[in-house]
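K.L.:
My questions will all concern the structure given below.
Bear in mind that the values in this text are calculations on the coordinates, not laboratory data. Quick caveat, the model's predicted, so the values are computed rather than measured. In this analysis, Cβ positions are derived from the backbone assuming ideal geometry, glycine residues included, and neighbour counts consider all displayed protein chains.
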Amino acid sequence: MLRASRQLLRPGGRTAFFTIHPTPGLEPNQRRRAHRDGPVAVAAAHPHRELLERAGFTDIDETDYTADFETVARAWIEQYDVHHAELVATLGTAELEQRQRERRTQLGAIEDGLLRRTLFSAVRPR
Amino acid sequence: MPTREEHDTHQRFTSRYREDRTETVLKIERAVIGADWGANGYTTVTQADRLGEVMHLGPGRRLLDLGAGRGWPGLYLAVSRGCRTVLSDVPVEGLAAALARGDAEGVADRVTAVRSSARALPFRTETFDAIVHTDVLC
């Protein structure tokens, strides 16, 4: 996708994206848990800076947003708990409980330092 | 040919985008994300604004949002930054909701939607000034 992005950008164009990925340097069993417990879109093992460089981008910048990730993950759980009765009426008990289970599992992986969320930005050279 | 994982993800999001946007759902989204554009992930309004700054978005600039869902954040950035936005995703339910919201926000002339997978994007080279995606596999 990053190579395609480079081709679609005009010279001087910019890409920016958030990505959820396993924390660098995890043991194999921790990495497996990060992929198992994280959201569907837990990213590839390759460092994104390297992927961006290989795709031909320059001026690569990255900012860690894991603290915000944890805050937002917790907020979804809390808000779904607050509005539990209304949500049961629209989603049904089974679906609601499934979502909350997944979110709690994911929050656990963030709290245990297994998942990070990073903002990357880069420029297509002129 | 989509992979099994892509197929499952498509089914999952199609189902989500078909759910009613009740007042409760909007209230939750405003409390968690800070706005009610149909987000179900982790990108807050503050972070969407940061994306707009990082990509130097403004009037006359052309943005592609990959995996746009219901238009968060690409549609929001069209409204807040004045850029032109192409929303791209596989589930048409999300894109339809985004176009309806774009109409309501008065930016229908600057927002288009294209049903496509990020693996086979139907655009000419050197088309966009900026490309954004949030928590999409790459």
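K.L.:
Got a number for residues in segment B:11-27 being within 8 Å of chain A (Cβ to nearest Cβ) and assigned to a helix (DSSP H, G or I)?
P.N.:
4
K.L.:
Ok, one more. Do we find that residue A:81 is of a type in the set (Asp, Glu) and under 17 Å from the mean Cα position of the chain (by Cα) in this structure? If you could, list the steps in order and put the result at the bottom.
P.N.:
Details: of a type in the set (Asp, Glu): yes; under 17 Å from the mean Cα position of the chain (by Cα): no.
Answer is no for this residue.
K.L.:
What about residue A:102, is it farther than 30 Å from residue A:6 by Cβ, among the acidic types (Asp, Glu) and either in contact (Cβ under 8 Å) with a residue 12 or more places away in the chain or more than 10 Å from every other protein chain (Cβ to nearest Cβ) (or both)? If you could, list the steps in order and put the result at the bottom.
P.N.:
Details: farther than 30 Å from residue A:6 by Cβ: yes; among the acidic types (Asp, Glu): yes; either in contact (Cβ under 8 Å) with a residue 12 or more places away in the chain or more than 10 Å from every other protein chain (Cβ to nearest Cβ) (or both): yes.
Yes; evaluated as a whole, the condition is true for this residue.
K.L.:
Residues that are on the phi < 0 side of the Ramachandran plot and in contact with a strand residue (DSSP E or B) (Cβ under 8 Å, 6 or more places away or on another chain): does segment A:70-91 have at least one?
P.N.:
At the first step, the residues of segment A:70-91 found to be on the phi < 0 side of the Ramachandran plot are A:70-91.
Among the residues that remain, those that are also in contact with a strand residue (DSSP E or B) (Cβ under 8 Å, 6 or more places away or on another chain) are: none.
For segment A:70-91, residues on the phi < 0 side of the Ramachandran plot and in contact with a strand residue (DSSP E or B) (Cβ under 8 Å, 6 or more places away or on another chain): absent.
K.L.:
Moving on to the next point. For segment A:14-126, give me every one of the helices (runs of 4 or more DSSP H) that falls completely inside it and has 1 or more residues that are among the polar types (S, T, N, Q). Before you say what the answer is, go through the steps one by one.
P.N.:
Numbers: elements: A:28-37, A:48-54, A:66-82, A:84-91, A:93-111.
So the answer is A:28-37, A:66-82, A:84-91, A:93-111.
K.L.:
Can you find, within segment A:4-43, the residue that is nearest to residue B:60 (Cα to Cα) among those that are among the hydrophobic types (A, V, I, L, M, F, W, C) and without any contact (Cβ under 8 Å) to a residue 12 or more places away in the chain? Don't jump to the end; show me each part of the working.
P.N.:
Step one: of segment A:4-43, the residues among the hydrophobic types (A, V, I, L, M, F, W, C) are A:4, A:8-9, A:16-18, A:20, A:26, A:34, A:40-43.
Filter once more, keeping what is without any contact (Cβ under 8 Å) to a residue 12 or more places away in the chain: A:4, A:8, A:40.
Numbers: A:4: 22, A:8: 17, A:40: 35 Å.
So, considering only residues that are among the hydrophobic types (A, V, I, L, M, F, W, C) and without any contact (Cβ under 8 Å) to a residue 12 or more places away in the chain, the one nearest to residue B:60 (Cα to Cα) is A:8.
K.L.:
Read through the list (1) within 13 Å of chain B (Cβ to nearest Cβ); (2) touching a helix residue (DSSP H, G or I) at 6+ places or on another chain (Cβ under 7 Å); (3) surrounded by fewer than 18 Cβ atoms within 10 Å (Cβ to Cβ), then give the number of the only condition that residue A:52 fails.
P.N.:
Condition (3) is where residue A:52 drops out.
K.L.:
Could you tell me which residue of segment A:9-23 is nearest to the other protein chains (Cβ to nearest Cβ), considering only residues that are surrounded by fewer than 21 Cβ atoms within 10 Å (Cβ to Cβ) and either farther than 15 Å from residue A:109 by Cβ or among the charged types (D, E, K, R) (or both)?
P.N.:
Per the stated criteria, the residue is A:10.
K.L.:
Here's a follow-up. Could we say that residue A:71 is more than 8 Å from every other protein chain (Cβ to nearest Cβ) and among the hydroxyl-bearing types (Ser, Thr, Tyr) here? Even if it seems obvious, please write down each step before you answer.
P.N.:
Details: more than 8 Å from every other protein chain (Cβ to nearest Cβ): yes; among the hydroxyl-bearing types (Ser, Thr, Tyr): yes.
In short, yes.
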